[in-house]
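Enquirer: Let me give you the structure first, and then I'll get to my questions.
The values are calculated or read from the model by the stated rules, or taken from the named source; none is laboratory data. A quick note: this is a predicted structure, and the numbers were derived from the prediction, not measured. Glycine also receives a Cβ, built like all others from the backbone with ideal geometry; neighbour counts cover every protein chain displayed.
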Amino acid sequence: MPSRLFQHDVLDQQVAIVTGGGTGIGAAITRELVAMGARVVIASRRPEHYARAAAGLSAELGVEVVGLPLDIRDRASVDSFVAAVIARFGRIDLLVNNGGGQFLAPAETIRPKGWDTVIQTNLTGTWNLTRAVFDAWMGENGGRVVNITMLTSRGFPGMAHSVAARAGVEAMSRTLAVEWAPRRVLVNCVSPGIILSSGMRNYPEGAEVARAMQSEIPLKRLGTVTEVAELVAFLASPGGAYITGQTLVVDGGRSLWGNTWPLPDDEDPAPVVIPSEPWEENEPG
Ligand SMILES: NC(=O)c1ccc[n+]([C@@H]2O[C@H](COP(=O)([O-])OP(=O)(O)OC[C@H]3O[C@@H](n4cnc5c(N)ncnc54)[C@H](OP(=O)(O)O)[C@@H]3O)[C@@H](O)[C@H]2O)c1
């Protein structure tokens with residue numbers, strides 16, 4: 001008997017939105033969803049990322065991938081985008097909030113504008129589109145939302161703004177999962193570790209830093225965009241039908257171990273004295 005999870009037509013007739021679907025992780029998610037039979041709309045700000053990528057993906061996959069302009073920070077843009085998807089397809093079954101970004105900076109160098117932009121993109125932008133899709137379709141008809149976040153369980157030095165936004169998305173997702181359960185809307189997060197993707201180009205010496213980081217990952221390699229996409233595909237499949245409010249980590253063990261932000265030791269470290277009770281002091285150790 002064939003798997004019901006990954007059979008070709010398992011998302012037949014379903015309509016999916018993938019923000020940032022023209023690059024990196026988003027393009028890999030688009031490929032997986034198309035392979036499962038979904039009709040996919042990719043959306044972002046730059047025509048080379050939505051229009052050119054939509055044409056390229058359509059040619060590669062032999063199925064039309066629709067590309068539309070969208071700035072998730074701009075509520076007017078979000079509203080007209082959602083209206084355009086509904087006008088064209090009449091439904092939205094899956095929303096993948098993958099579009100986002102940040103810049104690497106120690107906290108003491110982040111200026112107010114930089115902080116606001118990262119929060120507006122990654123937290124408020126995710127909220128803007130999720131709420132618009134809920135209002136336009138999912139609130140009445142159900143659906144699934146998958147938010148791409150980042151590793152939030154430990155500190156993420158150099159990314160104070162973005163990790164705050166992503167932890168906010170994860171908390172928001174747990175909350176929406178409860179509030180919207182009666183509407184049959186499932187809301188989950190996928191939290192990637194260090195993934196070899198186009199996003200690495202946004203960082204100076206990104207490839208070199210990423211290569212160095214491999215030794216900090218228990219599986220000793222970076223993740224691939226396909227490995228993230230397959231987890232999203234699972235959540236979109238019948239296998240994800242009873243999962244909501246969760247953050248699933250795909251990181252080769254990165255969040256469990258490793259240190260990429262060495263902290264200097266004190267020049268004169270305090271002596272370590274193991275405390276003892278007065279009556280224990282003369283006892284042999
Ligand atoms: N690669 C990693 O190691 C890693 C790890 C953890 C999390 N992530 C997250 O995973 C997601 C995808 O990452 P990636 O590596 O594929 O990076 P990427 O290639 O830089 O993808 C980011 C995408 O988001 C879109 N985007 C940015 N701002 C937007 C906005 N205001 N409105 C609509 N779309 C917007 C971009 O398109 P436009 O420029 O055309 O708008 C681009 O397609 C990002 O949220 C990233 O932060 C990545």
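Enquirer: Does residue 55 fit the bill of being in contact with a Pro (Cβ under 9 Å, 6 or more places away or on another chain), modelled with pLDDT of 95 or more and not β-branched (Val, Ile, Thr)?
Expert: No; evaluated as a whole, the condition is false for this residue.
Enquirer: For segment 132-149, how many residues are closer than 23 Å to residue 234 by Cα and in a helix (DSSP H, G or I)?
Expert: 6
Let's see how each residue does on (1) in contact (Cβ under 8 Å) with a residue 24 or more places away in the chain; (2) within 17 Å of the chain's Cα centre (by Cα):
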| residue | (1), (2) |
| --- | --- |
| 183 | yes, no |
| 193 | yes, yes |
| 229 | yes, yes |
| 236 | yes, yes |
| 248 | yes, yes |
| 270 | no, no |
| 276 | no, no |
| 279 | no, no |
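Enquirer: Please enumerate the residues belonging to segment 7-35 that are away from the ligand (no atom under 16 Å from the Cβ) and either closer than 16 Å to residue 72 by Cβ or in contact with a Ser or Thr (Cβ under 7 Å, 6 or more places away or on another chain) (or both).
Expert: 10
Enquirer: Give me the residue from segment 39-63 that is near the ligand (Cβ under 10 Å from one of its atoms) and part of a strand (DSSP E or B) and, out of that set, farthest from residue 73 (Cα to Cα).
Expert: 42
Enquirer: What's the total number of residues in segment 106-149 that are of a type in the set (A, V, I, L, M), away from the ligand (no atom under 13 Å from the Cβ) and touching a strand residue (DSSP E or B) at 6+ places or on another chain (Cβ under 8 Å)?
Expert: 3
Enquirer: What pairs come up if the first residue lies in segment 167-179 and is more than 14 Å from residue 190 (Cα to Cα), the second is assigned to a helix (DSSP H, G or I), and their beta carbons are under 8 Å apart, counting only those six or more places apart or on different chains?
Expert: Between residues of segment 167-179 that are more than 14 Å from residue 190 (Cα to Cα) and residues that are assigned to a helix (DSSP H, G or I), the close pairs are 176/130.
Enquirer: Looking at segment 1-23, which of its residues are on the phi > 0 side of the Ramachandran plot and buried (at least 22 other Cβ atoms within 10 Å of the Cβ)?
Expert: Hit for segment 1-23 is 20, nothing else.
Enquirer: If you go through segment 150-184, how many residues are outside any loop (DSSP other than H, G, I, E, B), away from the ligand (no atom under 13 Å from the Cβ) and not acidic (Asp, Glu)?
Expert: Qualifying residue count for the region: 14.
Enquirer: Okay, moving on. Can you find, within segment 185-231, the residue that is nearest to the ligand (Cβ to nearest atom) among those that are charged (D, E, K, R) and part of a loop (DSSP other than H, G, I, E, B)?
Expert: That would be 221.
Enquirer: Something else: Step by step: first the residues of segment 78-105, then only those that are in contact with a strand residue (DSSP E or B) (Cβ under 7 Å, 6 or more places away or on another chain) and polar (S, T, N, Q), then the one that is farthest from residue 194 (Cα to Cα). Which residue is that?
Expert: Per the stated criteria, the residue is 97.
Enquirer: Quick check on my filter: what residues within segment 68-120 are more than 30 Å from residue 206 (Cα to Cα), of a type outside the set (Gly, Ala, Ser) and in a loop (DSSP other than H, G, I, E, B)?
Expert: Scanning segment 68-120 gives 91, 92, 93.
Enquirer: I've got another one for you. If residue 177 satisfies every condition in (1) surrounded by 14 or more Cβ atoms within 10 Å (Cβ to Cβ); (2) in contact with a helix residue (DSSP H, G or I) (Cβ under 9 Å, 6 or more places away or on another chain) but one, which is the exception?
Expert: Looking at each condition in turn, residue 177 falls short on (2).
Enquirer: Another one. Go through segment 88-131 and count every residue that is closer than 21 Å to residue 14 by Cβ, crowded, with 20+ Cβ neighbours inside 10 Å and among the small types (Gly, Ala, Ser).
Expert: 1
Enquirer: Of all residues in segment 41-65, which are among the small types (Gly, Ala, Ser) and more than 17 Å from residue 17 (Cβ to Cβ)?
Expert: Listed by number, the residues that qualify are 55, 56, 59, 62.
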